Amino acid sequence: MKKAFTLALSMAAAVLMLVLLSYCGSDNDGNSDTCPAKCGEGKQCCADCPCETGTCNMDTGMCETGGDCCPDAPSGEVQIDVDGNVIDFTNQQGVAAWVGAVKPLDALSGNPTPIANGTADSSGAFHLDCMNVADSAFGLVVVSDDNPPDQTGGTYYPTGTGVIGWSNPAAEAHCVDGAKVFAVPNTLVAGLEQGLQINPDQDGFVVGLVVDTNGTPVEGAVVKKATGDALDNVVYPAADFSTFDGTLTSASGVFILKGPISSITAITAEKSGMTFDSTQVATSGGFCLVAIIQEAEAAP
């Protein structure tokens with residue numbers, strides 16, 4: 001089985017690129033019976049002896065990269081598959097939906113061509129079979145919508161969530177288990193449109209979450225540009241979305257970035273005693289981008 005994938009995503013051109021921080025165990029780490037003396041030796045791995053690239057399959061004790069989970073990939077292709085769940089952003093329940101894997105740079109085109117597509121069942125579970133990502137710069141975004149897709153109509157708004165990121169797909173791409181893909185209801189979009197006086201169909205928008213290393217929402221954070229400059233388009237809704245005049249994230253950890261954001265913008269969060277990774281965002285008309293800002297892992 002492929003290792004469950006933890007969402008800690010950062011994007012380039014609207015992809016939430018995954019950040020995995022790990023360390024190599026020593027000969028005295030208590031795992032000398034299962035770990036090789038040198039991390040990654042012979043592609044072997046374990047919890048305290050992680051892979052330099054790819055992911056560690058704990059069942060086999062071997063490092064896996066893109067070609068390992070899709071062994072029949074033609075020469076020159078880098079294939080991965082994605083297993084996950086589509087979750088309603090407002091209630092965290094699984095929902096039936098159409099899903100499509102797209103290149104991050106295509107996600108903002110308004111009507112991107114999927115590399116692969118499928119459907120999530122009533123529990124939200126979906127599987128996208130082996131697909132070629134060799135020319136997908138930065139990672140992979142999974143877009144959710146009604147089934148069949150109806151753009152901004154129906155129950156759900158077209159929403160993109162990054163599920164994996166890389167700088168070199170040949171070395172870093174691997175199959176994804178446990179991906180969380182969000183679906184933003186049109187009822188929420190209508191409320192934001194009225195409450196914030198925005199035009200999502202024309203300008204798009206970003207809905208984001210500030211979370212700690214365990215994925216728990218962080219209350220009391222400020223979202224800024226990664227340069228430290230303030231954002232003039234950030235909104236902090238109350239946990240129940242009844243008001244939009246907060247100055248910090250509420251208990252939900254949610255923030256909204258009003259469009260348009262025409263150029264790629266790196267953002268991060270600030271809170272006393274915590275350090276956060278950054279992510280990059282942009283918007284496109286008729287599209288919602290989900291951005292996750294996660295607390296940085298402590299150095300070993």
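What the table below lists for this structure:
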item: Residue match in the stretch 238-249 (condition: in contact (Cβ under 8 Å) with a residue 12 or more places away in the chain and within 17 Å of Gln294 (Cα to Cα)); result: yes
item: The one condition in (1) out of contact with any Lys or Arg (no Cβ under 7 Å at 6 or more places or on another chain); (2) not in a loop (DSSP other than H, G, I, E, B) that Ile267 fails to fulfil; result: (1)
item: Gly153 vs. criteria surrounded by fewer than 16 Cβ atoms within 10 Å (Cβ to Cβ), in the same structural domain as Asp121 (by TED's automatic domain parsing) and either over 30 Å from Ala116 (Cα atoms) or in contact with a strand residue (DSSP E or B) (Cβ under 6 Å, 6 or more places away or on another chain) (or both); result: no
item: The stretch 241-251: number of residues that are within 23 Å of the chain's Cα centre (by Cα) and either farther than 14 Å from Val210 by Cα or β-branched (Val, Ile, Thr) (or both); result: 2
item: Qualifying residue in the stretch 130-140 (condition: on the phi > 0 side of the Ramachandran plot and outside any loop (DSSP other than H, G, I, E, B)); result: yes
item: Any hit, the stretch 238-251, residues being more than 28 Å from Asp121 (Cα to Cα) and assigned to a strand (DSSP E or B); result: yes
item: Long-range neighbours under 7 Å by Cβ, at least six apart or interchain, first residue under 11 Å from Val99 (Cα atoms) and in the same structural domain as Trp98 (by TED's automatic domain parsing) within the stretch 119-139, second of a type in the set (S, T, N, Q) and not in a strand (DSSP E or B); result: Thr119/Asn147
item: Test for Val142: is it under 20 Å from Asp201 (Cα atoms), crowded, with 21+ Cβ neighbours inside 10 Å and in contact with a Leu (Cβ under 8 Å, 6 or more places away or on another chain); result: yes
item: Number of the condition not met by Phe276 [criteria: (1) in contact with a helix residue (DSSP H, G or I) (Cβ under 8 Å, 6 or more places away or on another chain); (2) over 21 Å from Pro158 (Cα atoms); (3) crowded, with 21+ Cβ neighbours inside 10 Å]; result: (1)
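The values are calculated or read from the model by the stated rules, or taken from the named source; none is laboratory data. These figures come from a predicted structure and were not determined experimentally. No Cβ is skipped: glycine too gets one built from the backbone with ideal geometry, and neighbour counts run over all protein chains shown.
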